[in-house]
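For reference, the structure discussed in these notes is given below.
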Amino acid sequence: MERVEVVGINTLVLRTRQLGPNSWSCDAYRKESASGEETFLLKGFGESEIEALAMAMYDADH
């Protein structure tokens with residue numbers, strides 16, 4: 001699943017994937033508004049989709 005979140009001046013693209021019954025991954029990208037290019041920021045893992053999203057958003061903010 002793909003979500004787009006605007007955090008301050010940054011547009012983040014969050015892509016989640018289910019790896020197993022209790023294993024999710026969320027990749028975070030920063031989208032450059034002028035060129036539309038995506039810059040990979042990090043990958044977060046969790047037991048649920050929400051947990052993986054929260055971990056990725058937390059790490060992207062720091």
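State all residues of the range 44-54 that are within 15 Å of Val4 (Cα to Cα) and either touching a helix residue (DSSP H, G or I) at 6+ places or on another chain (Cβ under 6 Å) or open to solvent by 40 Å² or more (accessible area, probe 1.4 Å) (or both); if no residue qualifies, say none.
Hits for the range 44-54 are Ile50, Ala54.
Find all pairs meeting these conditions: Cβ atoms under 8 angstrom apart; at least six residues apart or on different chains; first residue within the range 5-20 and within 22 Å of Glu32 (Cβ to Cβ); second residue among the polar types (S, T, N, Q) and surrounded by fewer than 13 Cβ atoms within 10 Å (Cβ to Cβ).
Thr11/Ser33
Do we have any residue at all in the range 33-43 that's surrounded by 15 or more Cβ atoms within 10 Å (Cβ to Cβ), at pLDDT 90 or above and either not β-branched (Val, Ile, Thr) or not in a helix (DSSP H, G or I) (or both)?
No, the range 33-43 has no match at all.
Which ones in the range 13-32 are under 14 Å from Glu2 (Cβ atoms), at pLDDT 90 or above and either aliphatic (A, V, I, L, M) or open to solvent by 80 Å² or more (accessible area, probe 1.4 Å) (or both)?
Arg17, Gln18, listed by residue number.
For the range 31-62, how many residues meet the condition of being of a type in the set (D, E, K, R) and without any contact (Cβ under 8 Å) to a residue 24 or more places away in the chain?
3
The values are calculated or read from the model by the stated rules, or taken from the named source; none is laboratory data. Keep in mind the model is a prediction, meaning the values are calculated, not measured. Glycine gets a Cβ as well: all are built from the backbone with ideal geometry, and neighbour counts include every protein chain shown. Calculation scope for accessible area: heavy atoms of the full protein, side chains included, ligands and nucleic acids excluded. Shrake-Rupley method; radii C 1.70, N 1.55, O 1.52, S 1.80 Å.
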